[in-house]
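Below: the structure, in structure tokens.
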Amino acid sequence: MAHGIWEVLEKGYVNKGLANKIFLTKNFFMSLINHNDTMEHVNKLGAMVEELDAIRVAILDKIKVMVLLMSLPKSYQYLITTLETLKPKDCIWDDVTT
């Protein structure tokens with residue numbers, strides 16, 4: 001029942017058109033610049049990932065993690081270096097952002 005309701009809501013409110021996919025993907029990659037609060041930034045990236053997933057834009061976890069690492073300030077350099085040493089199969093978005 002809940003699945004059927006979700007499908008009706010999704011069809012009515014989620015824009016899956018090409019223009020929206022391009023817009024959301026561009027915003028995700030442009031997030032590399034202009035942020036002050038790191039936790040807010042990580043949460044914003046997470047929200048963008050969820051929006052992209054909702055409209056079926058597949059971005060590999062390793063790409064999501066790379067965008068996050070490239071967007072962190074220099075004060076996170078030790079964390080970035082540690083995460084860069086992980087094997088690609090271990091670069092899981094959910095693990096890195098929790």
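The values are calculated or read from the model by the stated rules, or taken from the named source; none is laboratory data. Just so we're clear, the structure is a prediction, and the values are computed from it rather than from any experiment. Quick reminder, even Gly has a Cβ in these numbers, built from the backbone with ideal geometry, and neighbours come from all protein chains shown.
May I ask you to list the residues in the stretch 58-80 that are more than 19 Å from CYS91 (Cβ to Cβ) and either touching a Phe, Trp or Tyr at 6+ places or on another chain (Cβ under 9 Å) or part of a helix (DSSP H, G or I) (or both)?
LYS74, SER75 - these are the residues of the stretch 58-80 that are more than 19 Å from CYS91 (Cβ to Cβ) and either touching a Phe, Trp or Tyr at 6+ places or on another chain (Cβ under 9 Å) or part of a helix (DSSP H, G or I) (or both).
Looking at the stretch 83-98, which of the residues that are of a type in the set (A, V, I, L, M, F, W, C) and part of a helix (DSSP H, G or I) is nearest to VAL49 (Cα to Cα)?
TRP93
Hey, can you tell me all the residues within the stretch 33-56 that are loosely packed, with under 13 Cβ neighbours inside 10 Å, part of a loop (DSSP other than H, G, I, E, B) and among the aliphatic types (A, V, I, L, M)?
Residue satisfying the conditions is ILE33 alone.
What single numbered condition from (1) of a type outside the set (Phe, Trp, Tyr); (2) surrounded by 11 or more Cβ atoms within 10 Å (Cβ to Cβ); (3) modelled with pLDDT under 80 fails to hold for LEU72?
(3)
Between ILE92, ILE63, ILE59, which is surrounded by fewer than 16 Cβ atoms within 10 Å (Cβ to Cβ) and either touching a Lys or Arg at 6+ places or on another chain (Cβ under 8 Å) or under 29 Å from GLY17 (Cβ atoms) (or both)?
Of the residues listed, the single one that is surrounded by fewer than 16 Cβ atoms within 10 Å (Cβ to Cβ) and either touching a Lys or Arg at 6+ places or on another chain (Cβ under 8 Å) or under 29 Å from GLY17 (Cβ atoms) (or both) is ILE63.
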